[in-house]
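Participant: I'd like to ask you about the structure that follows.
The values are calculated or read from the model by the stated rules, or taken from the named source; none is laboratory data. Remember, it's a predicted structure, so these values are computed and weren't measured experimentally. Each accessible area value is taken on the protein alone, full model and side chains, heavy atoms only, with ligands, DNA and RNA left out. Shrake-Rupley method; radii C 1.70, N 1.55, O 1.52, S 1.80 Å.
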Amino acid sequence: MRLGVLDIGSNTVHLLVADVRPGGRPLATTSRRSVLRLMRYLQPDGSISQEGVDALVSATTEARKVAASENVDELLATATSAVREATNGAEVIARIEEALGQPLQVLGGETEARFTFLAVRRWFGWAAGQLLLFDIGGGSLELAAGADELPDAAASVPLGAGRMTVQFLPDDPPGEEAVERLRAHATATLAPVAAEFRELPRPQHVVGSSKAIRSLAKLVGYSVSGWTGIDRWRLPREALGSWIPRLARIPASARQELPGITADRTFQIVAAAVVLHTAMAALDVGELDVSPWALREGVLLRYIESLSWSPADA
C-alpha cells in the first residue's frame, strides 16, 4: 500500500510518501516540504499568531492535495513541539484537522524520541549495539538510548534550534557573548538528563538524525563509505566546536554560502551547533554518525508493524 506521513514540525510541514508492505523496507516515492519556522510566529503569551495559524493551514492543505495526487491509501498526520506547546494549541489543532479532513496525532516529546530511535535502529541494524541518539528540531532536542528497538531512556528538552535562536540569539550575527549565554543555558537544562543517560551502558554507536545535524556534518564533518555503498556523514565534536565562533560572526545571509547550510537553516544553524556541541560534551561524545532516517520513517515503520498479514498460501 502507499502511505503518507505528514510531519507538522517547528520548522517545516513535511510530507513523505512511501510504498510499504509488511516485512519490507519503506520505499520513498515523494518528499515535499513547506518551510514555516513557526518560532517566528510565537507571541509573548506563548500562542501562535493568526498569521502563523494561516500559514500552517495553507501548508497542510497543500500537503493534502499532494497526498491525493500521489494516490496515498492512508495519511498519517503528526504534530510535534511547536503545536504541542502553544497556548492556543487546541484551536490550532482544530484548524489543522479541518484542513486535513481527519484527526491529527500530537506527539509528546518522548514519543518523538522513541519513533526516531526505532528508525535509527532499523537503519544501522542490531550490529550497532548500544545506541545513543540526538535529534534537534525547531522547538526541542530529543535524546534516546538503548540496545533494542525501544530505548531504555528517552527524553525531550526545550532546546530546539528555532526556540533558542529567538530566546538567545536574536541579533544577526549573534556574537560571542550571546553564544556563551546560550551555552550556559543549554548546559544547565541538560544537566539532569545527562546524569540519567550517563547511568546507562556506554554507547557503542552515537547517531544524529535531524536536518540541522546533517547540515552541520556537511559543514564540519567528513563522509565515510558504508557497506551499502551509501556515503555516511560523520560529525566530530572538536571540529564543531572550532566552527561555532566563526558561525556566530557570519551574518545569516552569508551562512547559506557555506557547505551544507541551506537557506531554511541559515538563521538557526548557530543555535543548533551550540546545543549539539553542548549535548555531545555533556555525554562525553567525541563524534557521531548521521542517520538519513528519522521521525517520519519511525512513524511509517511502527504503522507497518501494526498491519495484519499472513504467509502466502502454500
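Participant: If you average the sequence gap of Cα pairs under 8 Å that are 6 or more apart and divide by the length of the chain, what percent do you get for the contact order?
Facilitator: Values: 601 pairs, mean separation 58.4, N = 314.
After rounding, I find 19 percent.
Participant: For segment 1-66 and segment 176-208, write down the distance between their C-alpha centroids in whole Å.
Facilitator: For segment 1-66 versus segment 176-208, the Cα centre distance is 28 Å.
Participant: Continuing with this model, one more query. If you count only protein heavy atoms with a 1.4 Å probe, what accessible area per residue comes out for segment 65-197, rounded to a whole Å²?
Facilitator: On a per-residue basis, segment 65-197 sits at 40 Å².
Participant: Let me ask something additional. So which DSSP H runs in the chain come out at 15 Å plus along the axis (Cα) with average Kyte-Doolittle of at least 0.5? Write down the numbers at each step before the final one.
Facilitator: Numbers: long enough: 50-69 (29 Å, -0.02); 89-100 (16 Å, 0.58); 109-124 (22 Å, -0.20); 176-198 (30 Å, -0.10); 237-249 (19 Å, -0.38); 269-282 (19 Å, 2.12); 295-306 (17 Å, 0.13).
Sorted by number, the helices that extend far enough and score high enough are 89-100, 269-282.
Participant: Please give the solvent-accessible surface of R122 in Å², to the nearest 10, using a probe radius of 1.4 Å with every protein chain present.
Facilitator: R122 exposes around 90 Å² with every protein chain in place.
Participant: Hey, another quick one. Going by amide H atoms built from the backbone, whose H comes under 5 Å of the H on F134, apart from near neighbours?
Facilitator: Counting only residues 5 or more places away or on other chains, the set is V207, G208, S209.
Participant: What does the accessible area of E305 come to, in Å² to the nearest 10, when a probe of 1.4 Å is used?
Facilitator: Result for E305: roughly 90 Å² accessible.
Participant: A follow-up question, please. Among DSSP bridges having both ends in the chain, what percentage is antiparallel? Round to the nearest 5.
Facilitator: 70 percent
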